[in-house]
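*Asks:* My questions will all concern the structure given below.
Computed from the coordinates by the stated procedures, all read-outs in this text should not be read as laboratory data. From a predicted model like this one, the values you see are computed outputs, not experimental measurements. With ideal geometry, Cβ positions are generated from the backbone for all residues, glycine too; neighbour counts draw on all protein chains shown.
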Amino acid sequence: MKIFHLSAECYPVAKVGGLGDVVGALPKYLNQMGHEASVVMPFYDRKFTRENEFDSVFRGSTLLGKKRYEFEVLKEKTDILGFELFMIKAPGLLDRENVYSYPDETEQFVFFQLAFLDWIYWSQQKPDVIHCHDHHSGLIPFLIYHSDLYKRLANTPTVLTIHNGQYHGAFSWDKSYYLPEIDQWQTGLLDWRGGINPLASAVKCAWRFSTVSPSYLHELTIQSNGLEYLFYTEYKKGVGIINGIDTQVWDPATDPMLTKGYTVKTVDAGKKKNKEALCERFGISSDKPLFSFIGRLVDEKGADLLPAIIRASLDEHNQELNFLILGSGDTEVQHALLELKEQYPQCCAVYIGYNEELAHQVYAGADFLLMPSRVEPCGLNQLYSLRYGTVPIVRNTGGLKDSIIDFGEEGGYGIKFNNIRAEEAVYAVSRAYELYKNTPHLKKIRQIMMALDFSWDKSAKEYVNLYESLKL
């Protein structure tokens with residue numbers, strides 16, 4: 001099958017969150033299974049595009065409202081990512097450094113979708129599936145089926161994957177003139193609560209939609225920033241497929257970013273070496289259990305709870321444990337964490353920002369990973385931590401609920417708590433501390449975790465089954 005993945009992110013080209021990791025891995029595994037999967041994304045002026053060579057495979061122009069933009073489709077020459085990578089470049093619109101947060105973001109992503117359709121249409125390509133990821137490509141299903149401009153593509157199956165249902169890409173009907181000529185009798189398929197909502201439109205128009213974990217499919221009917229009723233009515237059209245991880249990138253035995261590589265047989269010695277190097281870097285003791293957090297410092301991730309969790313845990317256990325935070329986001333949370341670092345310099349380390357190499361080192365060197373998430377559609381951090389023998393401490397929601405079994409249950413390997421309360425997370429930290437002191441049990445759990453299979457092999461097969469179900 002010929003499959004186009006449309007996404008705003010793709011690791012290592014441009015990554016802000018889990019969307020980038022998924023789109024950077026799934027197509028590679030689909031290709032290894034014998035399919036022809038490629039990624040189409042906006043052009044970004046970033047390190048990857050400056051360091052790699054591209055061929056121009058198509059040039060065209062399209063209207064965005066009353067303004068015509070020239071665009072170019074660039075293909076990375078060597079397929080270095082394991083799949084064909086196409087980037088759509090439009091001077092003045094799709095040629096910037098950052099992925100998000102521009103004032104004309106609506107215009108950027110609408111044009112990206114129009115340029116993609118023009119390219120596919122005029123180059124006479126016939127994809128078997130167009131796979132849209134999140135709202136950034138959410139208008140594609142509607143336009144294919146309800147604009148005469150693209151009627152040749154009207155029998156093309158479309159799939160939508162929802163990585164985060166909190167973001168819809170909605171904009172007002174005042175900007176409807178950005179769209180090409182459409183069937184006016186079908187405009188209700190674009191509308192949600194009086195505006196154009198690309199995510200809602202894609203849920204309505206795509207042949208099927210998926211979420212990145214089975215539990216998240218249900219949770220969208222309860223919490224999806226105003227789309228709850230839509231997900232309830234379209235529930236049977238959805239399927240939950242938990243994300244995998246790229247086990248070639250995330251392999252503690254071969255990871256070049258680690259101080260010392262290790263396998264399931266050498267995990268204890270390997271983690272000890274990485275922990276010592278990590279603790280030396282931040283000036284904290286490697287003799288204490290090391291609790292870590294990696295991610296955006298935002299409410300969605302429960303980061304606002306971190307200062308209270310850390311302070312209460314250190315006080316309860318007489319500072320006999322360490323915390324290492326890697327992330328950025330809410331300035332108040334950042335300030336509170338930096339204050340804790342000053343107050344507990346021997347126990348608390350904070351790195352504001354994101355560093356991919358350091359993240360790998362933290363997964364390898366930490367004993368525990370904290371994920372007190374309010375919302376976690378799938379979560380990849382807990383899967384990376386399992387791969388590296390680091391016990392995840394997670395709130396029982398979304399993909400965390402689906403991927404982690406509490407060590408108090410038969411066959412369990414993680415630590416779970418149910419409610420968004422600092423007190424429950426502190427109790428989970430206390431359970432982790434007791435586990436840390438039980439060395440034989442901790443060793444057993446590390447071996448269980450590292451033997452688990454959360455690779456893309458299984459998840460990619462489920463996507464293939466989904467594609468196959470759409471065949472005419």
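*Asks:* In degrees between 0 and 90, to the nearest 10, how far off the longest principal axis of the chain does helix 105-122 point, with axes built from Cα atoms?
*Replies:* The answer is roughly 60 degrees.
*Asks:* When ranked by the protection proxy of mean other Cβ atoms within 10 Å per residue, highest first, what sequence do the peptides 224-234, 111-121 form?
*Replies:* 111-121, 224-234
*Asks:* Charges on Cβ only, +1 for Lys and Arg, -1 for Asp and Glu, centred on the Cα centroid of the chain; of Gly353, Ala14, Ser38, which one is farthest towards the dipole's positive end?
*Replies:* Checked the options; the winner is Ser38.
*Asks:* For the chain, give the magnitude of the charge dipole about the Cα centre (Cβ charges: +1 Lys/Arg, -1 Asp/Glu; no others), in debye to the nearest 20.
*Replies:* Roughly 720 debye, rounded to the nearest 20.
*Asks:* Could you give each residue of the stretch 199-205 its phi-based ³J(HN,Hα) in whole Hz, using Karplus coefficients 6.51, -1.76, 1.60 with θ = phi - 60°, and x for Gly or Pro?
*Replies:* Each residue of the stretch 199-205 in turn: 5, 4, 4, 5, 4, 5, 9 Hz.
*Asks:* Same structure again: Which of Phe4, Leu370, Leu94 sits closest to the plus end of the dipole of the chain, meaning its Cα is farthest towards the positive end, when Lys and Arg get +1 and Asp and Glu get -1 on the C-beta?
*Replies:* Phe4
*Asks:* For Phe323, which sequence-distant residues (separation of 5 or more, or a different chain) have an amide H within less than 5 Å of its own amide H, given hydrogens modelled in the peptide plane?
*Replies:* Residues meeting the amide H criterion: Phe291, Cys348, Ala349.
*Asks:* Another one. Can you list the HN-Hα couplings for the stretch 67-73, worked out from phi with the Karplus curve (6.51, -1.76, 1.60; θ = phi - 60°), rounded to whole Hz and with x for Gly and Pro?
*Replies:* 10, 9, 10, 6, 9, 9, 9
*Asks:* Along the positive direction of the dipole of the stretch 1-141 (beta-carbon charges: Lys, Arg +1; Asp, Glu -1; about the Cα centre), which of His136, Gly65, Gly24 reaches farthest?
*Replies:* Checking the options against the dipole of the stretch 1-141, the answer is Gly65.
*Asks:* Using Cβ counts within 10 Å as a stand-in for footprinting exposure, how do Lys272, Lys66 rank, fewest first? Before the final figure, lay out each step's value.
*Replies:* Details: Lys272 14, Lys66 7.
By the 10 Å Cβ count, ascending: Lys66, Lys272.
*Asks:* To continue, here is another question. How big is the C-alpha Rg of the stretch 198-269 next to the rule-of-thumb value 2.2 N^0.38 Å, as a ratio? Before the final figure, lay out each step's value.
*Replies:* Working: Rg = 19.2 Å, N = 72, 2.2 N^0.38 = 11.2 Å.
Rounded to two decimals, the normalised Rg is 1.71.
*Asks:* Charges only on Cβ, +1 for Lys and Arg, -1 for Asp and Glu: so what's the dipole of the stretch 267-453 about the Cα centre, in debye to the nearest 20?
*Replies:* 500
*Asks:* Still on this structure, please answer the following. Which angle between 0 and 90 degrees, to the nearest 10, do you get for helix 439-451 versus the longest principal axis of the chain when only C-alpha atoms count?
*Replies:* Between helix and principal axis, roughly 20 degrees.
*Asks:* Angle check, please: helix 306-316 long axis (alpha carbons) against the longest principal axis of the chain (alpha carbons), in degrees 0 to 90, nearest 10.
*Replies:* 10
*Asks:* What is the packing order of peptides 376-383, 332-339, taking the mean over residues of other C-beta atoms within 10 Å and listing the highest first?
*Replies:* 376-383, 332-339
*Asks:* Of all the C-alpha pairs in the chain, what % are more than 29 Å from each other? Show your work: numbers first, answer last.
*Replies:* Numbers: 55411 of 111156 pairs.
Everything past 29 Å amounts to 50 percent.
*Asks:* Another one. Using 5 Å bins from zero, what percent of all Cα-Cα pairs in the stretch 235-283 falls into each bin?
*Replies:* Calculated P(r), rounded to whole percents: 4, 19, 18, 16, 12, 9, 6, 5, 6, 4, 1.
*Asks:* For the stretch 273-372, rounded, prolate or oblate, judged on the Cα gyration tensor with a ≥ b ≥ c (square roots of eigenvalues), a/c < 1.5 rounded, else prolate if a/b > b/c? Show your work: numbers first, answer last.
*Replies:* On the way: a/c = 1.63, a/b = 1.14, b/c = 1.43.
Taking the square roots of the gyration eigenvalues as a ≥ b ≥ c, the stretch 273-372 is oblate.
*Asks:* Scan around Gly329 for amide H atoms under 5 Å from its own, H built in the peptide plane at 1.01 Å from N, and keep only partners 5 or more places away or cross-chain.
*Replies:* Under 5 Å from the amide H of Gly329: Leu297.
*Asks:* When the Cα centres of the stretch 278-316 and the stretch 17-71 are compared, how far apart do they sit, in Å?
*Replies:* Cα centres, the stretch 278-316 to the stretch 17-71: 37 Å.
*Asks:* Return the equivalent ellipsoid semi-axes of the stretch 395-459 as a descending list in whole Å, where each equals the square root of 5 times an eigenvalue of the C-alpha gyration tensor.
*Replies:* 21, 18, 8
*Asks:* Using alpha-carbon positions, what is the distance between the centroids of the stretch 352-411 and the stretch 145-160, in Å?
*Replies:* 39
*Asks:* Starting at the first residue of the stretch 237-251, write each ³J(HN,Hα) from the Karplus equation 6.51 cos²θ - 1.76 cosθ + 1.60 with θ = phi - 60°, in whole Hz, x for Gly and Pro.
*Replies:* Using θ = phi - 60°, the values come out as 7, x, 8, x, 10, 5, 5, x, 10, 7, 6, 7, 7, 9, 9 Hz.
*Asks:* With contacts defined as alpha carbon pairs under 8 Å and 6 or more residues apart, what's the relative contact order of the chain in percent?
*Replies:* Dividing the mean separation by the residue count of the chain yields 12 percent.
*Asks:* Neighbour counts of other C-beta atoms within 10 Å: give me Lys301, Lys288 arranged from fewest to most. Don't skip to the answer; put the middle values down first.
*Replies:* Working: Lys301 27, Lys288 20.
Ascending Cβ contact count within 10 Å gives the list Lys288, Lys301.
*Asks:* With +1 on the Cβ of every Lys and Arg and -1 on the Cβ of every Asp and Glu, and nothing else charged, how large is the dipole of the stretch 81-185 about its Cα centre, in debye rounded to the nearest 20? Write out the running numbers ahead of the final one.
*Replies:* Values: 6 positive and 13 negative charges, 51 e Å.
About 240 debye.
*Asks:* A further question on this structure: From the Cα gyration tensor of the stretch 267-453, with a ≥ b ≥ c the square roots of its eigenvalues, which class applies: rounded if a/c is under 1.5, or else prolate if a/b is larger than b/c, or else oblate?
*Replies:* Rounded, because the longest to shortest axis ratio a/c is under 1.5.
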